[in-house]
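What follows is calculated from the coordinates using simple rules that are stated; it is not laboratory data. Quantities reported herein were computed from a predicted structural model and do not represent experimental measurements. All Cβ positions, glycine included, derive from the backbone under ideal geometry; neighbour counts span all protein chains shown.
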Amino acid sequence: MKTLYTTSALFIFFLLLMASCQSTQPTFSKRGEEYKSAREIAAAKRAAKKGNRRGEKYASGVSGTSKDRTSRTRMPNRNLDRDVATVIEAARSYTGVPYRWGGTTRVGMDCSGLLCTSFQSIDVALPRTSEEQSQYGTEVKTKDLREGDLVFFGSSKRNITHVGMVTEVISRDEIRFIHASTSLGVIENNLYAPHYQKIFVKAVRPPVF
């Protein structure tokens, strides 16, 4: 009798255990999700991890390309003197202003007026005309040009009719200067462009730099 009771009890316990297992949510699934076995979940995780690695590799490749492009972008090779930078920034703020003989405002600007106005940003009063400005400072060779130097144009040293200021020394054959062009207004051009080389006369470094 005792043996029968023990057997019956074990059988009932086994049935309860089976019912409990069937009603329990799968261990590797979240509520509301389709059931996945541990093997399926592990495989999905491996696939996701592999996909992330590919994404990181792709992102790294894009970043590398961007970095390479940045490395080819022209960067300043030295820090400009604060006064030089201030004057250049002031001059560039007039970019696009139309040419006007005798002008010194945003309504219109002539070449020497542009420099007079720009140098006022560091409290320096430049002579008013391009011819007078050509005597303001020390003459420098084109190979020694640097930002802030003044460049003059005309038919000869006795007939200077135009002036600009170096804004960026890029290479031996590219030096940018800003000036008030009679046709395009305030603009930056390459000093070594054929047109400007034909009429280039001299360069001067203002004594304030």
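Computed from point charges on the beta carbon alone (+1 for Lys and Arg, -1 for Asp and Glu), the dipole magnitude for the range 92-209 about its Cα centre is near 200 Debye. Which residues does the label zone of Glu132 cover in the range 91-113, counting backbone N under 16 Å from a point 7 Å along Cα→Cβ? Within reach of a label on Glu132: 102-104, 110-113. The Cβ shell under 11 Å around Pro206 holds other residues with a net charge of -1, Lys and Arg each +1, Asp and Glu each -1. Under 18 Å from a label point set 7 Å out along the Cα-to-Cβ vector of Gln120, the amide N atoms of the range 172-193 belong to 179-180, 186. In a DSSP loop and with at most 10 other Cβ atoms within 10 Å, there are no GluC sites (Glu not before Pro) in the range 150-209. For the range 86-178, a Kirkwood hydrodynamic radius built from all Cα pairs, placed in the Stokes-Einstein relation at 20 °C and 1.002 mPa s, yields a translational diffusion coefficient of 158 µm²/s. Approximating the spin labels as points 7 Å out from Cα along Cα→Cβ, the Thr95-to-Ser155 distance works out to 3.4 nm. Does anything in the range 89-127 have its amide N under 18 Å from the 7 Å Cα→Cβ label point of Ser181, and if so which residues? Residues 91-101, 108-115 qualify, since their backbone N sits under 18 Å from the label point. The amide H of Tyr192, built 1.01 Å from its N in the peptide plane, has Ile175 as neighbours under 5 Å, considering only residues 5 or more places off or on other chains.
Backbone phi angles across the range 126-133, fed through the Karplus curve with coefficients 6.51, -1.76 and 1.60 (θ = phi - 60°), yield HN-Hα couplings of 7, x, 6, 9, 5, 5, 5, 5 Hz in residue order; Gly and Pro are listed as x.
In terms of overall dimensions, the range 148-189 has a Cα radius of gyration and Dmax of 11.0, 30 angstrom. Residues whose amide H falls under 5 Å from that of Glu168, counting only those 5 or more places apart or on a different chain, are Arg176, with hydrogens built in the peptide plane. Amide hydrogen proximity for Glu139: with H placed 1.01 Å from N in the peptide plane, the residues at 5 or more positions away or on another chain lying under 5 Å are Arg205. Shown in residue order for the range 111-118 are the 3J(HN,Hα) couplings computed by the Karplus curve 6.51 cos²θ - 1.76 cosθ + 1.60 at θ = phi - 60°: 4, 6, x, 4, 6, 4, 5, 5 Hz (x for Gly and Pro). Computed from backbone phi with θ = phi - 60° and the Karplus coefficients 6.51, -1.76 and 1.60, the 3J(HN,Hα) list for the range 181-187 is 7, 5, 9, 10, x, 6, 7 Hz; x is used for glycine and proline. Using a cutoff of 8 angstrom between alpha carbon atoms and counting only pairs six or more residues apart, the relative contact order for the range 136-200 works out to 24 percent.
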